[in-house]
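**Student:** Once you've had a glance at the structure underneath, I'll fire off some questions.
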Amino acid sequence: MKSWRKRVFFDDLVFHVFEDVYEPAEDTFLIADSLAQIVTKSDTVLDMGTGCGILAIIAAKKEAKKVVATDMNPHAVECARQNAKVNQVASRIEVRQGDLFQPMRKAERFDIIVFNAPYLPSSPREQGTWIGRSWAGGPTGRKLIDRFILDAPHYLKRRGKILLVQSSLANIDETLEKFREVDLGAKVIAESKVAFETIIVIQASHLF
């Protein structure tokens, strides 16, 4: 097993964070609180960019019917699988490696899709490591956000919900508009001011 560099707690859950894996921070806990309030036993949940697996494990602990967790980082995939075992939900989470929706099957649809996106404006150099890729969002911070919004409606059930985290540095109004362009209504449901930015959670759902 790959060595872990830190242990993180959320409620009664414990997460080992491997080297080269994003450590849960203010943005993680903000979306975790939002997810915990809406997930039910009948939901199918997709946790995109799962990192150490925290959001997928919260959904599984809430007894979601099905949980899929994805990450392009192979170290995160291994980390999430180990944390699912530690928190005794390994049998209820399927962890897949791949870029955004690439690991999804064509017919898969979800009640809840959560994404703690890489959202900070960055240079190409800052995307050269696995940790860098976990937060670096390109020149405007929107490189992954815009790709996600374009494809997400195809994997969302008719009455489903998307929870997306981003920073005020990556243009919140543009995100709301991008959701409208793909026929999803969106609104800010939570926010937290930290240092030089505001972290927000956006909830989106089908308009029709």
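**Student:** Does segment 4-206 classify as rounded, prolate or oblate by the C-alpha gyration tensor (a ≥ b ≥ c root eigenvalues; a/c under 1.5 gives rounded; else a/b over b/c gives prolate, otherwise oblate)? Please list the in-between numbers first.
**Tutor:** Values: a/c = 1.43, a/b = 1.09, b/c = 1.31.
The shape class here is rounded.
**Student:** Given the options Leu150, Leu55, Leu184, which has the most mean-square fluctuation in a GNM of the chain, springs set between C-alpha atoms less than 10 angstrom apart?
**Tutor:** For the chain, modelled as a Gaussian network with Cα springs under 10 Å, the answer is Leu150.
**Student:** Taking θ = phi - 60°, what integer Hz values does the Karplus form 6.51 cos²θ - 1.76 cosθ + 1.60 yield along segment 179-186, in sequence order, with x for Gly and Pro?
**Tutor:** 5, 4, 5, 9, 6, 10, x, 9
**Student:** Tell me, what HN-Hα J-couplings in whole Hz come from the Karplus equation 6.51 cos²θ - 1.76 cosθ + 1.60 at θ = phi - 60° for each residue of segment 106-113, using x for Gly and Pro?
**Tutor:** Rounded to whole hertz, the list is 4, 8, 6, 9, 10, 6, 9, 10.
**Student:** I want to verify a result. In a Gaussian network model of the chain, Cα cutoff 10 Å, which of these has the top mean-square fluctuation: Ala90, Ala136, Ala60?
**Tutor:** Of Ala90, Ala136, Ala60, the Gaussian network model singles out Ala90 as fluctuating most.
**Student:** While we're looking at this one, here's another question. Can you give me the C-alpha center-to-center distance between segment 139-160 and segment 53-131, rounded to a whole angstrom?
**Tutor:** If you average the Cα positions of each part, the centres end up 15 Å apart.
**Student:** Long-range amide H contacts for Phe18: which residues qualify at under 5 Å (H placed 1.01 Å from N, peptide plane, sequence gap of 5 or more or a different chain)?
**Tutor:** Arg5
**Student:** Of the residues Asn83, Asn171, Asn73, which exhibits the maximal mean-square fluctuation in a Gaussian network model of the chain defined by a 10 Å Cα contact cut-off?
**Tutor:** Asn171
**Student:** Using Cβ counts within 10 Å as a stand-in for footprinting exposure, how do Phe29, Phe18, Phe208 rank, fewest first? It would help to have the intermediate numbers written out before the result.
**Tutor:** Values: Phe29 15, Phe18 23, Phe208 6.
Arranged by neighbour count, lowest to highest, Phe29, Phe18, Phe208 become Phe208, Phe29, Phe18.
**Student:** How high is the relative contact order of the chain, given as a whole-number percent (alpha carbon pairs under 8 Å, six or more residues apart)?
**Tutor:** 18 percent
Any read-out appearing in this document is the output of simple, stated calculations on the displayed coordinates, not a laboratory observation. The shown structure was predicted, so the numbers you read here are calculated from the model rather than taken from an experiment. Virtual Cβ from ideal backbone geometry, glycine too; neighbours counted across all protein chains shown.
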